[in-house]
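These notes concern the structure reproduced below.
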């Protein structure tokens, strides 16, 4: 399993976080998705067939584009 955390400046409210989490969890291979309003970020754990390209593409499609990868 791989885990990534992205900054997403378009997160403005709890509706944004719920939308991101719900949409990501529908992508095959996503194990967990936790969006955080305070840090404007999302932490995602996933296995194949999900990958970073598919995740970023989905987020852009739902109008929450990734700004950067947070390296912990």
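Derivation of every value follows stated rules applied to the coordinates shown; laboratory data play no part. Since this is a predicted model, take the numbers as computed values, not measurements. Neighbour counts are summed over all protein chains in view; Cβ atoms, including those assigned to glycine, are modelled from backbone coordinates with ideal geometry.
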- Item | Checklist (1) without any contact (Cβ under 8 Å) to a residue 12 or more places away in the chain; (2) under 15 Å from residue 7 (Cα atoms) applied to residue 35, failing item | (1)
- Name the strands (runs of 3 or more DSSP E) wholly within the chain that hold at least 3 residues that are touching a helix residue (DSSP H, G or I) at 6+ places or on another chain (Cβ under 6 Å) and surrounded by 14 or more Cβ atoms within 10 Å (Cβ to Cβ)? 30-36
